[in-house]
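Structure record follows, encoded as structure tokens.
The values are calculated or read from the model by the stated rules, or taken from the named source; none is laboratory data. This one's a predicted model, so the numbers in the text were calculated from it and none came from an experiment. Just so you know, the surface numbers come from the protein's heavy atoms only, side chains and all, with ligands and any DNA or RNA stripped out. Shrake-Rupley method; radii C 1.70, N 1.55, O 1.52, S 1.80 Å.
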Amino acid sequence: SDGVGTKENPIDIYTAVKFVSPGQKIVLLSGTYNLESTVTVQPGIDGTESQPIIMAAESSTDRPVFDFGGKCAGMVLAGDYWYFKGFDVTGSADAQKGIQVAGDHNTLDQIETYRNGNTLYQQRSQYRL
């Protein structure tokens, strides 16, 4: 959380979703992120129609994976005008959602969810809009 938000000195995902502004991009480096609490985009952390907030994988070949290890809900997306692309969400706790979208004008593109909540372990969902 004490980084500056560059590739050389990144910040954590929880800090990034709190302080991002319209038109900015959160770039997710490849690898598995072992997370212990829900990633929440709070209402009011919004992009605009002309300047959405983007959260996207740096690479189209090495997907980032948010793994919640069965500890909590995965992601709660309550902001408006966000664009999410190219990462996986897995391992939300029993009876907890992998991704919950509550905001308006959000796009989930090439997001894969699997082994979340009470889903079957082989079940895989892809969201492509």
Please work out how much length the chain gains when fully extended from D2 to Q51, using 0.36 nm per residue of separation minus the C-alpha to C-alpha distance, in nm with one decimal. 15.0 nm
Two decimals, Cα atoms only, Kirkwood Rh: what is Rg/Rh over region 15-69? 1.00
Additional length obtainable on full extension of the chain from N34 to K18, 0.36 nm per residue less Cα span: 3.9 nm
Accessible area per residue in Å² at 1.4 Å probe, computed on region 1-44: 65 Å²
Spatially near lysine pairs across the chain, Cα under 21 Å, sequence gap of 8 or more or different chains: 8
For Y33, enumerate residues with amide H under 5 Å from its amide H, sequence gap 5+ or separate chain, H modeled in the peptide plane. V65, F66, D67
How many percent of Cα pairs in the chain exceed 19 Å? 46 percent
Counting alpha carbon pairs within less than 8 Å and at least 6 residues apart, what relative contact order, in whole percent, applies to the chain? 19 percent
What per residue convex hull volume, in Å³, do the alpha-carbon atoms of region 75-118 yield? 56 Å³
List the residues, sorted by chain then number, that are 5 or more residues from T40 or on another chain and whose placed amide H is less than 5 Å from its amide H. V76
Of the accessible area of region 8-89, computed with a 1.4 Å probe and all protein chains kept, carbon and sulfur make up a percent value of 49 percent
